[in-house]
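Undergrad: For reference, the structure I am asking about is given below.
The values are calculated or read from the model by the stated rules, or taken from the named source; none is laboratory data. It should be emphasised that the depicted structure is a prediction, and the values quoted were computed from it without experimental measurement. Cβ atoms come from the backbone with ideal geometry, glycine included; neighbour counts cover every protein chain shown. Note: accessible area is taken over every heavy atom of the protein model, side chains too, but ligands, DNA and RNA are not part of it. Shrake-Rupley method; radii C 1.70, N 1.55, O 1.52, S 1.80 Å.
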Amino acid sequence: MNEVKDLKMIVADNFCEFGEKVNNHIKKIRNSNDDYIVPLNLVRFNNGEGKAEIKESIRDKDLYILSDVSNYDIWYDYYGRHHYMSPDEHFTDIKRILSAECGHANKRTIVMPYLYQSRQDKRDSRESLDCAVALQELKNMGANEIITCDVHNRGVGNAVHNTAFESVKLGDILLYDLLENEDITDYSKFVCISPDEGAMKRARFFSGLIGNVPIGSFYKERDYTKVVNGKNPIIDHRFIGPNDMKGKYVIISDDMIASGGSMLDTVLSIKKLGVEKIFVIVTFALFTEGIDKFSAYYQKGILDRVYASNVSYVPKEIQELEWFKSVDCSDKIANIISELNYGKSIGDLIDGKTETAVKIKKLRRSYE
């Protein structure tokens, strides 16, 4: 049996609150008062350069580096101005931490729920292959394992074929939170909808957890002769699903809300079919173009609630809105880190459906 190494975590400035929750969960799991977080100093100079300082020995430790590269509320003074950090800079800080670690740790695991450049996962003609390049950089700097969540394309892990790459499903936690908190007793009225063909697997996953309820999808026809805000505009949005949607409770699921335009188009199109309630479930709620339209749809009774995980940054003012529900997923990440440190399998934790299916069945029985 392999020796279990001491567990230590380095939490980047962009993930402090979540990192503390993970730390506290691990304490409870292990019935320990130990603090697993290693003090870190990420220095930024006024010209934009920086460095990482690890303030405690991590020699021969099992090291986990936690970072939320999507956090857009971290800033530093840059030539006398506030400069808010981009994913590029957050990712560079991960590499700085690996550099400061100097190869002293026994094992290095990167926990990056929002995978850096995950939307640039494939190459079409003369395009950069950013996600694969980033993964190779981490591997070449000594990362032994990379843990992410609901990655846009699981196949991107092939870029580092001899480095462990795991994508943790959080949809089960989000779905259970919805079922537990909403006043819904008739699960047969649910329909799981994918906003496009790419998210059909997630819709089928939710359908199976609820009880094999109907599923549907939207077909998007795009104008590939134009690019608007980095995307080809949608010229046709066609629904493929159950003929009768009147009175249904619809769950629209996807990996993220970016600008929200596509998601809101889906919500409006579904509402026109006569559905009773619409819930949106996403892992990453980025809201890159703000929330005004979401708030307007809620006020008009078009949208009922958005459920999103807390593994990526969402401002407090959005978390407090009536139509938004932030779901804490730190317990699952803590369990994964703890089990990995003990050298145990995390297959069930990554999948999540077995435990959640049992909980949902119990929830259904309470209504029957």
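Undergrad: How would the stretch 127-186 be classified by its alpha-carbon gyration tensor: rounded, prolate or oblate, with rounded meaning a/c under 1.5 and the a/b versus b/c comparison settling the rest?
TA: Values: a/c = 4.23, a/b = 2.81, b/c = 1.51.
It comes out prolate by the Cα gyration axes.
Undergrad: Please check: in the Gaussian network model of the chain (C-alpha springs, under 10 Å), which one of S99, S259, S125 has the largest mean-square fluctuation.
TA: Highest fluctuation of the listed residues: S125.
Undergrad: In addition: With both partners inside the stretch 119-267, how many of the DSSP beta bridges are antiparallel, as a percent to the nearest 5?
TA: Working: 7 of 19 bridges.
Once the DSSP bridges in the stretch 119-267 are tallied, antiparallel ones form about 35 percent.
Undergrad: In whole percent, and with a 1.4 Å probe on the protein chains, what portion of the accessible area of the chain is carbon and sulfur? Could you put the intermediate results ahead of the total?
TA: Values: 7930 of 17930 Å².
Percent of accessible area from carbon and sulfur atoms in the chain: 44.
Undergrad: Here's another thing I want to ask about it. Calculate how steeply helix 16-30 sits against the longest principal axis of the alpha-carbon atoms of the chain, using the helix alpha-carbon long axis, and give the answer as 0 to 90 degrees to the nearest 10.
TA: In the chain, helix 16-30 runs at an angle near 80 degrees to the longest axis.
Undergrad: Here's a follow-up. Quick one: accessible area per residue over the chain, 1.4 Å probe, rounded to a whole number of Å²?
TA: Roughly 49 Å² per residue, with all protein chains present.
Undergrad: For a Förster distance of 35 Å, can you work out the FRET efficiency between the beta-carbons of D60 and N158, rounded to the nearest 0.05? Let's see the in-between values first.
TA: Numbers: r = 31 Å, r/R0 = 0.88.
In this case the efficiency is close to 0.70.
Undergrad: Taking R0 as 25 Å, what FRET efficiency do you get between K361 and E182 from their Cβ-Cβ distance, rounded to the nearest 0.05? Can you show the working numbers first?
TA: Numbers: r = 17 Å, r/R0 = 0.69.
It comes out at approximately 0.90.
Undergrad: Which aspartates and glutamates, on any chain, are close to K359 with Cα under 19 Å apart, when same-chain ones fewer than 8 places away are left out?
TA: Leaving aside aspartates and glutamates fewer than 8 places away in the same chain, those within reach of K359 are D172, D177, E180, E182, D183, D186, D328, D331, D348, D351, E368.
Undergrad: May I pose another question? Once you order the gyration tensor axes a ≥ b ≥ c over the Cα atoms, which shape class does the stretch 36-148 get: rounded for a/c under 1.5, otherwise prolate or oblate by comparing a/b with b/c? Mind showing how you got there, number by number?
TA: On the way: a/c = 2.00, a/b = 1.07, b/c = 1.87.
Since a/c reaches 1.5 but b/c is at least a/b, the shape of the stretch 36-148 is classed as oblate.
Undergrad: On a 1.4 Å probe surface of the protein chains, which of T225, T288 comes out largest in accessible area, and what is the full order? Provide the component values of the computation, followed by the final result.
TA: Numbers: T225 120, T288 90 Å².
I get T225, T288, largest accessible area first.
Undergrad: Which distance in Å, rounded to a whole number, links the C-alpha centroids of the stretch 94-161 and the stretch 268-310?
TA: Measuring centre to centre over Cα atoms gives 31 Å.
Undergrad: If you don't mind, another one. Name the residue, out of E49, E180, E166, whose mean-square fluctuation peaks in a Gaussian network model built on the chain with Cα pairs under 10 Å.
TA: Judging by the Gaussian network model, the answer is E49.
Undergrad: Assuming a ≥ b ≥ c are the square roots of the Cα gyration tensor eigenvalues, decide whether the stretch 215-368 counts as rounded (a/c under 1.5), prolate (otherwise, with a/b larger than b/c) or oblate. Before the final figure, lay out the partial values.
TA: Working: a/c = 1.73, a/b = 1.41, b/c = 1.23.
Verdict is prolate for the stretch 215-368.
Undergrad: Then there is this: At 37 °C and a viscosity of 0.692 mPa s, what translational diffusion coefficient does Stokes-Einstein give for the chain, taking Rh as the Kirkwood radius over Cα pairs? Give it in µm²/s as a whole number.
TA: Numbers: Rh = 21.9 Å.
Taking Rh from Cα pairs, D becomes 150 µm²/s.
Undergrad: Once the Cα gyration tensor of the stretch 296-350 is found, what semi-axes does its equivalent ellipsoid get, as square roots of 5 times the eigenvalues, in whole Å, sorted largest first?
TA: Values: eigenvalues 228, 27, 7 Å².
After scaling each eigenvalue by five and taking roots: 34, 12, 6 Å.
Undergrad: Ok, one more. As a test of the formula, what do you get for the chain when each DSSP H run with n ≥ 4 contributes -39,500 (n - 2.57) and the sum is divided by the residue count, at 222 nm and rounded to the nearest 500 deg cm²/dmol? Working shown, then result.
TA: On the way: 11 runs with 118 residues, N = 368.
When only DSSP H runs of four or more count, the value is -9500 deg cm²/dmol.
Undergrad: Determine the alpha carbon to alpha carbon distance for each of K5/K28; K201/K293; K189/K362; K51/K169; K220/K353 and list only those over 24 Å. Can you show the working numbers first?
TA: Numbers: K5/K28 19 Å; K201/K293 27 Å; K189/K362 18 Å; K51/K169 33 Å; K220/K353 29 Å.
Exceeds cut-off: K201/K293; K51/K169; K220/K353.
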